[in-house]
Structures are given as C-alpha cells and as structure tokens.
Amino acid sequence: MNRIELYNLFNKKISIEIVDNINEASFVTHNGTFHADEVMSLCILANLFSDIKLYRTTKLEKTDAFVFDIGGGQFDHHGKDFNKVRKNGVKYASCGLIWKAFGKDILERLGIENIDKSFEHIDKDLICDIDRFDNGQNIDINVDFSVKSIPTLIELFNPNFEEENKEKEYFLNSVLFANTIFTNEIKKELSNEKARIIIDKKISESIDDYIELDCHMDWKDLVLSSSEEKAKNIKYAIVPSNR
C-alpha cells in the first residue's frame, strides 16, 4: 500500500501517496524510522493543500517541493545552529514549526474567534509534547512502568526487523491514526469555544458558588480559565449526566 485517503477538518477528502521519484513529489521528508513529528506535520499540511504526493528520502535532492524534517530548511530542526525554543523551554521540532507557521490560518478558516488563545492551547495540549519527544527532552516521571503518549503510540506503527518491506504501509497507517487525533483536538477546541460562551454567561448570572448547566459539557478548565469576575467563586457545577 502506498496511498491512503482521509478527511481533513473541512470535510475535504485528501489523498496521500508515497511516490518513488522526487520529481513527482509535492512534499518531501525523511525515510526510515518515522516519528510523530513528521507524521503529525503531514496531518496539519493536509488542511492547507490538495492531494499530497510524498517522497521519503535519506539524502535530499534539489526540489521545488515542500520540504520538512530534512534538508536544513525552514521546517527542519536538525541543524547544529538551530536554537528555536518556546518560553516554556520546549524546543521546536518540525511539527511545532509547521503549526507556528500555519496553525492560525487553519483556525481562522474554521471560524474560531479567539485565535491566539486557541492556537496556544493546541500548541500546549498536543504539539509541544510531540516536539519535546522528538528533541529528546525527557519528562521526569518516577514510575516503574511505561507511560504511553501520542509520540510513543505513533512510534509503535514502525515495522519491526521482520517487516522492513512494509514501511510505506505502516507509515500511512500512522498518518491515519494521527489525523484522527489532530482533527479531534481541533474539534474539541471548536466545541470549547462555544462552551466557553455558555459557561461565562452562567458564571455572570450566578448568585452563589455554583453554576447549573442545561447539557453535559466539560466545564472545569473553562471555569478556571474564565475572565469573568465571579469565576473565582465557583466551586462546583450541576450538570446533566451523559451516562
């Protein structure tokens, strides 16, 4: 298998095909073991461009294609002089660079009003950990078992030593998996933006230390991040169960 189809955030069907000739490629990244970095990058790009013809290589040749995570260009973080770091200390990898360059355009097209806030939330909620993992920045978790994250789950899609001829198929399967995560993350942010309006109104109308909601929704983070003056007084919510 060297081709898949998926739906992006705009409900547009996009085909992603791995090609064997760089002259046929519209996008280029590295081959071999793949990571959440370039896989999730591809999912972001699927919301900006039409059908994608991807060339995966060890050595970059001259090309007019969109190049990422290889070649030392705008969307590669492997150069010894690369030093782009977030304020929270997480280094940028290709996924973060692509999200930084195009994320707000995607959110604007989706009609999100508070673009800056949503952009930062998605960066911290999804993209940062992908960049952190790809750059080898470890989190000190003192447990005696494996803690799985999105980057480690995507790594599981790599073929083992007995399946090297299945690299294309497994890479594309990882893209389908990552695309589900990415689209769900953005859809949740869209929903939260609508829920924030409802919750802020409930907070402003509250006369005690609780709010009462008409339907089930995630409310805790929205109360904690609310700019309403009464938000600091809210201790709990009465919410219809979804069970």
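The values are calculated or read from the model by the stated rules, or taken from the named source; none is laboratory data. Remember, it's a predicted structure, so these values are computed and weren't measured experimentally. Glycine gets a Cβ as well: all are built from the backbone with ideal geometry, and neighbour counts include every protein chain shown. To get the accessible areas, we keep the full protein, side chains included, count just its heavy atoms, and leave off ligands, DNA and RNA. Shrake-Rupley method; radii C 1.70, N 1.55, O 1.52, S 1.80 Å.
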Find how many whole Å separate the alpha carbon centroid of segment 1-77 from the alpha carbon centroid of segment 185-205.
-> 34
Divide by every residue of the chain the summed helix terms, -39500 (n - 2.57) for each DSSP H run of at least 4, and state the resulting mean residue ellipticity at 222 nm, rounded to the nearest 500 deg cm²/dmol.
-> -12000 deg cm²/dmol
Please name which of T57, C128, N192 has its Cα lying farthest along the dipole of the chain towards the positive end, using unit charges on Cβ (Lys, Arg +1; Asp, Glu -1) and the Cα centre as origin.
-> N192
Compare L6, L48 by solvent-accessible area with a 1.4 Å probe and give them largest first, with all protein chains kept in place.
-> L48, L6
Carbon-plus-sulfur fraction of the accessible area of segment 153-243, 1.4 Å probe, in percent?
-> 50
GluC sites (Glu not before Pro), restricted to segment 134-243: which are DSSP loop and have at most 11 other Cβ atoms within 10 Å?
-> E162, E163
Beta bridges by DSSP in segment 1-111, antiparallel share as percent, to the nearest 5 | 40
Can you send over the solvent-accessible area of D116, 1.4 Å probe, protein chains only, in Å² to the nearest 10?
-> 90
DSSP-defined beta bridges in the chain - what % are antiparallel, rounded to 5 | 35
Per-residue SASA entry for K220, accessible area with 1.4 Å probe, Å² rounded to 10 = 130
Where in segment 97-153 are there GluC sites (Glu not before Pro) that are in a DSSP coil and have at most 13 other Cβ atoms within 10 angstrom of their Cβ?
-> E113
For segment 82-130, what is the Kirkwood estimate of the hydrodynamic radius, computed as the reciprocal of the mean inverse distance between distinct Cα atoms, to one decimal in Å?
-> 11.2
Taking the inverse of the average 1/r across all pairs of different Cα atoms in segment 104-203, what Kirkwood radius in Å do you get?
-> 16.2
Of all C-alpha pairs within segment 1-44, those more than 17 angstrom apart amount in percent to 40
Among (i) 38, 19, 18; (ii) 28, 27, 16; (iii) 31, 24, 16, find the value of semi-axes √(5λ) of the Cα gyration tensor in Å that was calculated from the structure presented, and write down its label.
-> (i)
Would you mind getting the Kirkwood hydrodynamic radius of segment 1-84 from its Cα pairs, rounded to one decimal in Å?
-> 13.4
Per residue, how many Å² of accessible area does the chain show with a 1.4 Å probe?
-> 58
So what is the diffusion coefficient of segment 60-161 in µm² per second by Stokes-Einstein at 37 °C and 0.692 mPa s, using a Kirkwood Rh over Cα pairs?
-> 210
Measuring from the longest principal axis of the C-alpha atoms of the chain, the long axis of helix 36-45 (C-alpha) lies at a number of degrees, nearest 10, equal to 80
Along Cα→Cβ, 7 Å out, is where each label goes; now give me the distance between the ones at N142 and I198 in nm to one decimal.
-> 4.2
Which percent of Cα-Cα pairs in segment 165-243 sits in each 10 Å bin, short to long?
-> 17, 37, 20, 13, 10, 4, 0
Express the relative contact order of the chain as a whole percentage, based on alpha carbon pairs under 8 Å and six or more residues apart in sequence.
-> 18
If the chain between N88 and D209 were fully stretched, how many nm would it gain, using 0.36 nm times the residue separation less the Cα-Cα distance?
-> 40.2 nm
Surpassing 19 Å at the alpha-carbon level, of the pairs K13/K53; K124/K148; K87/K194; K117/K220, are K87/K194
